[in-house]
Each structure stands twice: as structure tokens, then as C-alpha cells.
Amino acid sequence: MKQSARPPIYYQVAFDVASKIAAGDLKEGDRFSGRSLMGSQYGVSPETIRRALGHLNDLGIVSIKNNSGSTVLSQKRAKEYVEQYQANLDLLSLKIKLREMVAQRDALNAEINHISDQIVDLLERFRSSDRFRTYEFPIQKDCAVTGQTIGAIRFRQRTGATIVAIQKGSELQLSPGPETELAQGDVLVVACELSQIDQVSQLISPREMPQEE
């Protein structure tokens, strides 16, 4: 469950009142309005104001007396409370940020493990057959297949081979689909028999693609 960095409403009201006392807007000995009026000022219920002032009363910042409102007792304690409140809020924010970063790290580790498993599976799949090996075919300048997708050039149908991965710069795409577009500089990792190497080389050679019959 996602945790909020914002404290309960009555804590926020208590902090605002304490901030006014700490700043000298409300001085020691000053009396201020009751729960109903403060509730309308803050846009909260009188019960929320009661809890906020009760919290400050417990800390010795204000004094609550029946039928006479609240009285400011200590600016020093108000300043200490404001500093502690802000420190706690910063600490909570850091904890939440750390928790989110840990979750992102765990998700990244899971993705890394998934890709590693795919690589191992592909290697084992082709090692188990004496007929098939993997070969690398770079897409050279002016190759006829540049800018076209694997499906459009009918790679599997024309060569009988399988593209198991494509190295695109620093990125390795495993099991590319027919919609994957080929670009100059790509390196195709192809699983095929020795007899199919020529077909692959001819298909990606820098000349016009053979016309379909």
C-alpha cells in the first residue's frame, strides 16, 4: 500500500497554529478563537480543531480552558515543535522515496533475471542440435533490407533460418517479432544450418532484393 508523506489533517492544523506562535504572530498570553470559528477558517470540522488544540495543549504550547478559548503558553516550545515536525516530515518523505527506489531496483533485477533466463534458454535450445549453429550477420550500408521489417522481407520463408536476436547498438533484442525494423549497423544473430548461410547472406547483401514469384 502506498504511504502518503502528508500527516493527518489535525496535525497539519496544529503545525500551522504552532508556526504562527513560533513566528510571533500569536504571542504568549494571547487568546485566540474557539473551535467553531477556527474550523471555518481552516475548512475543517470543530472536532479536527479540538484534536489539533488538544495536541498542542499536551505539548504545553497552548492552554485550553472551557468557555474561554485557548491561550498561548510557550513560544519556545512552539519553535521546538515546528522544527521537530519539519524534521519528521522530511524523514518520512525520504523513507517513502527509498521504498520506491527499492521497488524499482527489485523490478529491474527481475527483468534482468528474466532476460538472462531467455538467453540461457536460447543457447541451450540451439546447443542441443548438431545441425544448427548461431551466426552473426551485420547489416551493411545500402543493404536491400534496410528500413524494412522482418515480416516484410519474409526472412524465415526465404532462408529457412531464424533470427534469434538483433544487436542494435548497445541494445540486444531477443526473439524479435515480424514487425521489427532492420537498420544499417544492426547485427542479426541467426540460427541456421551451414547450407542456409548463403541464403541469408544473399538476402541481406547490398543489392536489390530478389523479386517474389
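Once Rg and the Kirkwood radius are both taken over the C-alpha atoms of segment 131-203, their ratio Rg/Rh works out to 0.92. Projecting the Cα atoms of SER93, ALA23, THR159 onto the charge dipole of the chain, computed from C-beta unit charges around the Cα centre, puts ALA23 farthest toward the positive end.
Taking 20 Å as the straight-line reach from the Cα of LYS95, the lysines in range (excluding those fewer than 8 positions away in the same chain) are LYS2.
Remark: the chain carries a charge dipole of roughly 1460 debye about the Cα centre, counting +1 on each Lys and Arg Cβ and -1 on each Asp and Glu Cβ. Suppose only helical runs count, i.e. DSSP H with n ≥ 4. What mean residue ellipticity at 222 nm does that imply for the chain under -39500 (n - 2.57) per run, divided by all residues and rounded to the nearest 500 deg cm²/dmol? Result for the chain, helices only: -16000 deg cm²/dmol.
Of the options (i) 25; (ii) 59; (iii) 46, only one is percent of Cα pairs over 27 Å apart as computed from these coordinates, and that is (ii).
Leaving out same-chain residues fewer than 8 places away, which aspartates and glutamates sit with a Cα under 13 Å from that of LYS168? Correct list for LYS168: GLU136, GLU181, ASP186. Counting every other Cβ atom within 10 Å of each residue's Cβ, ARG31, ARG105 order from fewest to most as ARG105, ARG31. Phi-derived couplings, Karplus 6.51 cos²θ - 1.76 cosθ + 1.60 at θ = phi - 60°, listed residue by residue for segment 48-63: 5, 5, 4, 5, 5, 5, x, 5, 5, 5, 5, 8, x, 8, 10, 10 Hz, with x used for Gly and Pro.
A DSSP coil position with no more than 14 other Cβ atoms inside 10 Å describes the following GluC sites (Glu not before Pro) in segment 127-188: GLU179.
Using only Cα coordinates, the Kirkwood hydrodynamic radius of segment 9-95 works out to 13.0 Å. The charge dipole of segment 9-95, taken about the Cα centre with unit charges on the Cβ atoms of Lys, Arg (+1) and Asp, Glu (-1), comes to about 200 debye, rounded to the nearest 20. Fewest neighbouring Cβ atoms within 10 Å first, the residues MET38, MET101 line up as MET101, MET38. This model, with +1 at the C-beta of Lys and Arg and -1 at the C-beta of Asp and Glu, gives segment 51-164 a dipole about its Cα centre of some 200 debye. Taking other C-beta atoms within 10 Å as the exposure proxy, HIS114, HIS55 rank HIS114, HIS55 from fewest upward. Here's the list of lysines a cross-link from LYS65 could span, going by alpha-carbon distance under 19 Å and ignoring same-chain residues fewer than 8 apart: LYS27. Only one residue of ILE204, VAL72, ALA183 has its Cα farthest out toward the positive end of the dipole of the chain, where Lys and Arg carry +1 and Asp and Glu -1 on Cβ, and that residue is VAL72.
FYI, it's all coordinate maths here, none of it is from the lab. Predicted model only: the values in this text are computed from it and were never measured. Because the Cβ atoms are built from the backbone with ideal geometry, glycine has one as well, and the counts that use them run over all protein chains shown.
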